[in-house]
Amino acid sequence: MNESLSFIDSHCHLDFDCFNDDRMSLLAKCQVADIRQFIIPAVQASQWHKLIELCQQVNECYFALGLHPVFIAQHQLQDLVELKKIIKQQIDNPNFVAIGEIGLDFSLADHSFELQTQVFTEQLKLAREIRKPVILHHRKSLDVMAKVIRQSGFNCGGVLHAFSGSYQQAKMFLDLGFKLGVGGTITYPRARKTREVISQVPLDCLLLETDSPDMPVSGKQGQRNTPLTLLDVFNTLTELRAEDSTHIQQQVLTNTQQTFNLPTLPRV
């Protein structure tokens with residue numbers, strides 16, 4: 001590992017209440033571990049302002065604004081109007097980097113699919129208008145989601161968060177201009193299909209993420225996940241890939257900076 005390089009957690013939810021008691025001390029520990037930047041996607045309209053305030057306080061934190069499909073029961077179409085309004089206010093904020101977390105979750109009740117698709121499509125349209133990448137959530141929906149993206153004409157890229165799927169599905173999203181989010185899933189030996197795909201796709205399409213406080217790494221099930229486990233994900237990635245660890249670290253750092261137009265931090 002090159003000590004002059006750093007890491008970026010491209011997907012964590014440090015604004016969640018479970019971090020209220022130790023958020024700043026945790027961020028300090030991350031800095032010591034060279035995890036120096038964090039992208040925090042929104043999930044509900046009710047926490048947009050809290051998220052923005054956090055990223056104003058901590059300059060190393062960057063935010064995405066959006067409506068997560070898992071919370072579709074709490075969303076209203078009026079939230080899309082509010083999303084457009086708050087984005088207009090934040091459009092010149094350098095810490096505003098993406099629309100997200102958005103997507104389709106077909107593990108939910110069937111009756112939600114129509115509204116999910118409508119909300120997803122509108123957010124893709126908005127992201128296209130402001131030329132921002134998107135952070136995609138998926139569950140049992142990859143093929144349909146790709147079709148919706150094609151039909152929307154969205155072409156600003158982003159990341160397919162928590163990728164798990166076949167090589168063909170990975171290629172489908174790479175062809176649409178997306179990167180793949182690599183998180184705790186690859187630390188589980190039983191996740192053979194995902195581990196195999198991540199070992200085969202081009203290195204320049206991979207980003208590291210933790211999904212904190214969710215998606216714990218192997219051996220830490222049942223515990224609150226934190227961005228510190230990004231190092232576990234990275235170490236597993238180096239075991240799965242043929243490239244040397246320094247090259248992997250440099251490339252995933254570059255991938256994340258380019259995807260979200262992040263500043264290059266001075267080396268330490």
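Under 18 Å from Cys205 (Cβ atoms) and of a type outside the set (Asp, Glu): is that true of Val119 in this structure? Before the answer, list the steps.
Numbers: under 18 Å from Cys205 (Cβ atoms): no; of a type outside the set (Asp, Glu): yes.
Here the answer is no, as Val119 does not meet what is asked.
Would you confirm whether any residue within the range 84-95 is assigned to a loop (DSSP other than H, G, I, E, B) and either open to solvent by less than 40 Å² (accessible area, probe 1.4 Å) or at pLDDT below 95 (or both)?
Yes, the conditions are met somewhere in the range 84-95.
Could you please find all residues in the range 148-198 being among the small types (Gly, Ala, Ser) and open to solvent by 40 Å² or more (accessible area, probe 1.4 Å)?
Ser164, Gly177
In the set Cys30, Cys55, which member is touching a helix residue (DSSP H, G or I) at 6+ places or on another chain (Cβ under 7 Å) and open to solvent by less than 10 Å² (accessible area, probe 1.4 Å)? Before you say what the answer is, go through the steps one by one.
Details: Cys55 fails: touching a helix residue (DSSP H, G or I) at 6+ places or on another chain (Cβ under 7 Å).
Exactly one of Cys30, Cys55 is touching a helix residue (DSSP H, G or I) at 6+ places or on another chain (Cβ under 7 Å) and open to solvent by less than 10 Å² (accessible area, probe 1.4 Å), namely Cys30.
Please return the ranges of strands (runs of 3 or more DSSP E) entirely within the range 148-257 where 1 or more residues are within 18 Å of Asp34 (Cβ to Cβ).
178-182, 206-208
Tell me, yes or no, whether the range 59-67 has at least one residue that is over 19 Å from Leu160 (Cβ atoms), touching a helix residue (DSSP H, G or I) at 6+ places or on another chain (Cβ under 6 Å) and open to solvent by 10 Å² or more (accessible area, probe 1.4 Å).
The answer is no, given that none of the residues of the range 59-67 is over 19 Å from Leu160 (Cβ atoms), touching a helix residue (DSSP H, G or I) at 6+ places or on another chain (Cβ under 6 Å) and open to solvent by 10 Å² or more (accessible area, probe 1.4 Å).
Among the candidates Val197, Val233, single out the residue that is in contact with a Phe, Trp or Tyr (Cβ under 6 Å, 6 or more places away or on another chain) and aliphatic (A, V, I, L, M).
Details: Val233 fails: in contact with a Phe, Trp or Tyr (Cβ under 6 Å, 6 or more places away or on another chain).
One residue alone meets the criteria, Val197.
For the range 5-25, what are the residues that are touching a residue at least 40 places away in the same chain (Cβ under 8 Å) and part of a helix (DSSP H, G or I)?
Across the range 5-25, the qualifying residues are Cys18, Phe19.
Which condition from (1) of a type outside the set (D, E, K, R); (2) at pLDDT 95 or above; (3) open to solvent by 20 Å² or more (accessible area, probe 1.4 Å) is the one that Pro266 breaks?
(2)
Mind checking whether some residue in the range 241-257 is of a type outside the set (A, V, I, L, M), closer than 24 Å to Cys30 by Cβ, under 14 Å from the mean Cα position of the chain (by Cα) and surrounded by fewer than 18 Cβ atoms within 10 Å (Cβ to Cβ)?
yes
Among (1) without any contact (Cβ under 8 Å) to a residue 40 or more places away in the chain; (2) in a loop (DSSP other than H, G, I, E, B); (3) among the aliphatic types (A, V, I, L, M), where does Ala28 come up short?
(2)
Give the residue that is most open to solvent (accessible area, probe 1.4 Å), with candidates limited to residues of the range 68-83 that are β-branched (Val, Ile, Thr) and touching a residue at least 24 places away in the same chain (Cβ under 8 Å). Steps first, please.
Within the range 68-83, the first condition is being β-branched (Val, Ile, Thr), and the residues that meet it are 70, 72, 81.
After this cut, where a residue has to be touching a residue at least 24 places away in the same chain (Cβ under 8 Å) as well, the list is 70, 72.
Values: Val70: 57, Ile72: 17 Å².
Filtering first and then ranking leaves Val70.
When you look at Gln57, is it in contact with a strand residue (DSSP E or B) (Cβ under 7 Å, 6 or more places away or on another chain) and at pLDDT 95 or above, yes or no?
No; evaluated as a whole, the condition is false for this residue.
Which one is farthest from Gln250 (Cα to Cα), of the residues in the range 199-215 that are in contact (Cβ under 8 Å) with a residue 40 or more places away in the chain and of a type in the set (S, T, N, Q)?
If we filter the range 199-215 for residues that are in contact (Cβ under 8 Å) with a residue 40 or more places away in the chain, which is where we start, we get 199, 203-215.
Still in the running and of a type in the set (S, T, N, Q): 199, 210, 212.
Details: Ser199: 17, Thr210: 18, Ser212: 23 Å.
Per the criteria, the residue is Ser212.
The values are calculated or read from the model by the stated rules, or taken from the named source; none is laboratory data. Fair warning: this is a prediction, and the values are worked out from it, not measured in the lab. Heads up, the Cβs are rebuilt from the backbone with ideal geometry, glycines too, and the neighbour counts pull from every protein chain shown. SASA here: full protein model, heavy atoms, side chains in, ligands and nucleic acids out. Shrake-Rupley method; radii C 1.70, N 1.55, O 1.52, S 1.80 Å.
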